[in-house]
């Protein structure tokens, strides 16, 4: 198994220190339901501590650990930015008692109408968010933080947003699940989408944004950050992934499976 990186993936742009707090993984479980290992980005700058997406239950301790490594606690987070409402990106908004929670207003309204118990929308969490005094409904075209602008990228969900951080030399694009991984970017097609045709249009839009400035970094919802080289996506960090399984007779005996 690939050992965890000694230091996380970090970038500096537009007055922010940008860290991939939790690296997304481009896969899904074969026989145990959703995997849901999503990307969580931490931005620090302009007097703000920002998370773009919050991950699922299994990622809570990872978020706490990455914050602690930067001398922070969940109470220090000032802003939570959600690309969309699905459980693997949104449920941990409840961890951040002092943060404003930003999500597209149409996305939240759609989520509240989804039938309970049959979709990836976490019903109770979106209901609580809708009633939270910390909620801020945002919209495409809005600059939600200094340098960070929302763009509508539907398909995976109707109100999905991506976010573009405009820097001096390059941009940073946070795609959420509008483009989950390198395969979706290259193929132009999306898995797990409410509307494949609309997803293709959104992926084309993301490609155009990516191509506008050399060196622009794309951070997908379930993959490693990448840049374009000679028109092709190239990873800028090593993928990490593995499972420790108790297949033997004691808890001290584990088998490590590398899934990178």
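The values are calculated or read from the model by the stated rules, or taken from the named source; none is laboratory data. Please read all numbers here as calculations on a predicted model, not as lab measurements. Note that each Cβ is placed from the backbone with ideal geometry, even for glycine, and that neighbours are counted across all protein chains shown.
Counting only residues that are outside any loop (DSSP other than H, G, I, E, B), surrounded by fewer than 19 Cβ atoms within 10 Å (Cβ to Cβ) and either touching a strand residue (DSSP E or B) at 6+ places or on another chain (Cβ under 9 Å) or touching a residue at least 40 places away in the same chain (Cβ under 8 Å) (or both), region 126-137 holds 3 of them.
Would you point out which residue out of 198, 144 is surrounded by 15 or more Cβ atoms within 10 Å (Cβ to Cβ), assigned to a helix (DSSP H, G or I) and at pLDDT 95 or above? Going through 198, 144 in turn, just one is surrounded by 15 or more Cβ atoms within 10 Å (Cβ to Cβ), assigned to a helix (DSSP H, G or I) and at pLDDT 95 or above: 198.
Comparison of 123, 114, 166 shows that the only residue that is surrounded by fewer than 18 Cβ atoms within 10 Å (Cβ to Cβ), touching a strand residue (DSSP E or B) at 6+ places or on another chain (Cβ under 9 Å) and farther than 19 Å from residue 202 by Cβ is 166. The single residue among 89, 156 that is assigned to a helix (DSSP H, G or I), under 17 Å from the mean Cα position of the chain (by Cα) and in contact (Cβ under 8 Å) with a residue 12 or more places away in the chain turns out to be 89. Name the single residue, out of those in region 206-229 being in a helix (DSSP H, G or I) and crowded, with 16+ Cβ neighbours inside 10 Å, that is nearest to the chain's Cα centre (by Cα). Top of the filtered list is 206. Selection within region 36-51: residues that are under 17 Å from residue 95 (Cβ atoms) and not in a strand (DSSP E or B). The member of this set that is modelled with the lowest pLDDT is 36.
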